[in-house]
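One structure below.
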Amino acid sequence: MRRLTREWSFASDPAREREIPFPVLTHKDREELIDVYPKNKVITSKYTILNFVPKNIWEQLHKAANSYFLLISFIMFIGNYTPLFHGFIRFYSTFLALLIMMTASAVIAALDDKRRHEADVHTNNQIAHRVHLVDGKCSSEDVRWADVTVGDILIIEGDGTFPADLLPLASSSQTGGCYVDTANLDGESNLKLKESVKCTQHQLRYATTDQPLLDQAVANLTSLRGQVVAEPPQKSIHSFKGRIEMDQRQEPLDAKHLLLRGTVLKNTSWILGLVVYTGPETRMVMNSRAAKAKYPNIEKVINRSMLVVVGAQCVMALISDILYLVTKRRFHGLWYLFPSGQFQSILLPEFIGYWLTFFVLYSNLMPISLYFTMEVCNAAQAYFIKNDLKMYDEAQDTPANARTTNLCHELGQVAYVFSDKTGTLTQNVMELKQLSIAGVIYGQTGEESGFQGKAALFQARFDPQKAAAIDAVMEVLSVSHTVVSSKDRSGKLKYEAESPDEGALVEAVAQLGWSFTGRSNEGLTVEVTSNAKIGSRTYELLALNAFTSARKRQSVLVRRPSGEVLLLVKGADDVMQKLATDPQMFPEEHLRSFAKQGLRTLVMGRRFIPEHELQQWLADYSRAQTSMEDREGALARAADKIERSLEILGITGIEDKLQVGVEDAIVK
């Protein structure tokens, strides 16, 4: 293992790229990394033992009533124990009540933060499996999440959560793919497809013994020598730029190569991951905000109302002061108004001194127990919410949970609900319902499950022209995607898709005779059983232009078994119309028909690419892939060069039904 000294001359600068040599397998090499990069310990709590009292007092004094009663107590103290003016009410009657109320609020805040501390302890003490070198052999050792460092190689098994931001070096999948559930990070319920680094995937999965594949991959780590160059830590969960240098070669890295902390490995037996970012430098922590005091709307209203009360109190004190000064000679001899005792005279001018006296006397206009009463009500409401059977999710065995008690009554004041549609208002279960091909609509919407136009498509194939148009659409749907196939225990083919739309389309065309069977180093394989040319086809995958929200389309560049090079595209109708060879021939009527039925639409197109254009474009695409500056922009510009003059082939209409009770919830 080579020494790491060269890398650390600048590594501690968070604004510069980091160079991470691998594999780091011994404690001696790890010590150098521990001093450079932050620990993987994460703290989400708001208070510590040392700062709780001053920080909580500061937060409570942001409540106008607390500041008001503290001021009143101070004025009472001056009136009681100094000769400045008369204080007829003992200051401790107000101050002690204020102290009790603030203490009760502090206890509730401490209990809220105690739950955060417990969650932090649970998270930081979870166990990860780290690869460690012992007597020249690699083995697995258990470490706490908090002790994971940059450069560690971790073994993550199926349904395991990633303790840091990792670069997948190898996975159990032959193609190097793995699926990730990002619901904890972005709320999306569909799985995301990630890819292992190609050069390490091939080298680590190379089997030389009869050992299990994971054990063989771990043993092969000692043969690796390389380094990862990664961008500085940043917040975006959808972008990542870097490269891996190994055996005098470079391989570009992007977002599909980064496994984020807090996400979960799904439908994959195991992966080996290199830790790139830890603790506060992980994407999840950088996007989280420190716990802060949350002030509900009703508290803001009370704070504004306090201004009215204080204003009225000032006016009443002024009126009483004036009346007293005007009439005091008439009543001066009455003992019950002017009792004998200390401070018969005051040091302040009478007008100011007696105004303060009356101001204190009218202080009961604002009830001192107001905020404490609200705190008790909030705690009770939080208890009722947690124990409400109508808010219990039986499917997930999860009750409702009020994470911040002082926001409970906000539920009754909701005026607007902002929500996305897919997976929130809808079930996120997609089904192909209709197809528009060569001016004809196949299938129909209704209660029946699945695509109901199979018989009509079969009938249309007797017309050679229609058959060619149908096969062109089937080819796009079965080839232009990022779906990965696998087989269950019964040997039945199943698909795992990053997008539920893609999964629905691939499953539907498999039922229509174009069955995607898998990926390999050679490309994609499709089993065709719906036309005269029955058999297996392998398409060489030359390039993939991924879907983004800005591009609104996805395309693949493939070579047919016959040698023809095709660009197969599917995307949003507004974008595809601009890219069409003849925008006037665009099937807008069918699009409107699908939209009126609530179907999600995708437009399909293709273009045959001549060989000379292909070679020139692949060179541009390769440069864009390895660019460290604005890689996404470079790839988008490269895609724009080839995604033009498209032949529009058809439209898909996918149904995503609303969740049960959505209409009733919206009305209420």
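The values are calculated or read from the model by the stated rules, or taken from the named source; none is laboratory data. Nothing here was measured: the structure is a model prediction, and the numbers come from that model. So basically every Cβ, Gly included, is an ideal-geometry build from the backbone, and we count neighbours across all protein chains shown. Calculation scope for accessible area: heavy atoms of the full protein, side chains included, ligands and nucleic acids excluded. Shrake-Rupley method; radii C 1.70, N 1.55, O 1.52, S 1.80 Å.
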Some residue of the range 649-668 being under 30 Å from S449 (Cα atoms), touching a residue at least 12 places away in the same chain (Cβ under 8 Å), assigned to a strand (DSSP E or B) and more than 33 Å from the chain's Cα centre (by Cα) | yes
Of all residues in the range 619-668 being open to solvent by 70 Å² or more (accessible area, probe 1.4 Å) and among the basic types (K, R), which is modelled with the lowest pLDDT?
-> K668
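Looking at the range 167-176, which of the residues that are in contact (Cβ under 8 Å) with a residue 40 or more places away in the chain and open to solvent by less than 20 Å² (accessible area, probe 1.4 Å) is nearest to I237 (Cα to Cα)? Even if it seems obvious, please write down each step before you answer.
Just the residues of the range 167-176 that are in contact (Cβ under 8 Å) with a residue 40 or more places away in the chain, to begin with: 167-175.
Then keep just the ones that are open to solvent by less than 20 Å² (accessible area, probe 1.4 Å); that gives 167-171.
Numbers: L167: 14, P168: 16, L169: 20, A170: 21, S171: 21 Å.
Among those that are in contact (Cβ under 8 Å) with a residue 40 or more places away in the chain and open to solvent by less than 20 Å² (accessible area, probe 1.4 Å), it is L167.
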Check the range 571-580 and report whether any residue there is over 28 Å from Q615 (Cβ atoms), open to solvent by 20 Å² or more (accessible area, probe 1.4 Å) and touching a Pro at 6+ places or on another chain (Cβ under 6 Å).
-> yes
Mind listing whichever residues of the range 77-117 are at pLDDT below 80, open to solvent by less than 80 Å² (accessible area, probe 1.4 Å) and of a type in the set (A, V, I, L, M, F, W, C)?
-> I78, L84, F85, I89, F91
K192 within 21 Å of the chain's Cα centre (by Cα) and surrounded by fewer than 17 Cβ atoms within 10 Å (Cβ to Cβ) = no
Return the total of residues in the range 118-137 being touching an Asp or Glu at 6+ places or on another chain (Cβ under 6 Å) and either surrounded by fewer than 16 Cβ atoms within 10 Å (Cβ to Cβ) or at pLDDT 90 or above (or both).
-> 2
Tally of residues being more than 33 Å from the chain's Cα centre (by Cα) and on the phi > 0 side of the Ramachandran plot across the range 614-648 | 1
Subset of the range 387-414 [under 19 Å from K114 (Cβ atoms) and either assigned to a loop (DSSP other than H, G, I, E, B) or open to solvent by 90 Å² or more (accessible area, probe 1.4 Å) (or both)] = N401, A402, R403, T404
Whichever residue in the range 354-371 is buried (at least 19 other Cβ atoms within 10 Å of the Cβ) and in contact (Cβ under 8 Å) with a residue 60 or more places away in the chain and, among such residues, is farthest from N401 (Cα to Cα) | Y354
Across (1) surrounded by 20 or more Cβ atoms within 10 Å (Cβ to Cβ); (2) assigned to a helix (DSSP H, G or I), H612 clears everything bar (1)
In the range 365-405, the residues that are among the polar types (S, T, N, Q) and modelled with pLDDT of 80 or more | T373, N378, Q381, N387, T398, N401
For the range 126-166, please list each of the strands (runs of 3 or more DSSP E) lying entirely inside it that holds at least 1 residues being touching a residue at least 60 places away in the same chain (Cβ under 8 Å) and within 24 Å of the chain's Cα centre (by Cα).
-> 153-157
